[in-house]
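Undergrad: A single structure is presented below for examination.
What follows is calculated from the coordinates using simple rules that are stated; it is not laboratory data. Just so you know, these numbers come straight off a predicted model, no measurement behind them. As a convention, Cβ positions derive from the backbone with ideal geometry for all residues, glycine included, and neighbour counts pool all protein chains shown.
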Amino acid sequence: MNANKSQSAFEYLMIIAITLGIIVPTTYLFFSYASESNVQILDSQINQIGRNVIETVKVVYFSGEGSKITLDASMPKNVKDIYIISNRELVFKMESAIGDIEMVFFSPVKIVSNECSGDICKLTDLAVSGLNKVKIESVNKGAQVLISKA
């Protein structure tokens, strides 16, 4: 009689072990896939914003002194900082599940902001999540394009 109880208890334990052996890896794969999807969505959003800004910079530059365009940019919450390096590189620094990521967009024309120190111009006020208005205007007799928050 004891052997029957032991066998049925062992069978229940085996069923639970097999069930957990299927559920745990499946759950891990699901959350891993969801995390990768979030990174891809963030990447796509920043890519679209960066390309729009650079394209608008070119339009404003070639339109000449005094031209100005205001863009609406829906900034994701993971953006930590935005800055310009050497008047040619627009950099978005983001935080993700896999670590910090920097996306760089190259400009064929000189770009600046109001907060420049050496080779780096900060655009910290644009790194706020939500809808931001980005003002892009031609300055210095059309030689540079200023990016700022509108």
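Undergrad: Restricting attention to the stretch 49-72, report how many residues are small (Gly, Ala, Ser) and under 25 Å from the mean Cα position of the chain (by Cα).
TA: Within the stretch 49-72, the first condition is being small (Gly, Ala, Ser), and the residues that meet it are 50, 63-64, 66-67.
From what is left, the residues that are under 25 Å from the mean Cα position of the chain (by Cα) are 50.
Selection size over the stretch 49-72: 1.
Undergrad: Among the strands (runs of 3 or more DSSP E) lying completely within the stretch 22-130, list those that include at least 2 residues that are crowded, with 16+ Cβ neighbours inside 10 Å.
TA: Details: elements: 68-75, 79-85, 89-96, 99-106, 115-117, 120-122.
In the stretch 22-130, the matching strands (runs of 3 or more DSSP E) lie at 68-75, 79-85, 89-96, 99-106, 120-122.
Undergrad: Mind checking which residues of the stretch 140-150 are of a type in the set (A, V, I, L, M), touching a residue at least 40 places away in the same chain (Cβ under 8 Å) and either out of contact with any strand residue (DSSP E or B) (no Cβ under 9 Å at 6 or more places or on another chain) or assigned to a strand (DSSP E or B) (or both)? Can you show your working first?
TA: From the stretch 140-150, those of a type in the set (A, V, I, L, M) are 143, 145-147, 150; that's our starting set.
Next, from what is left, pick out any that are touching a residue at least 40 places away in the same chain (Cβ under 8 Å): 145, 147, 150.
Within the stretch 140-150, VAL145, ILE147 qualify.
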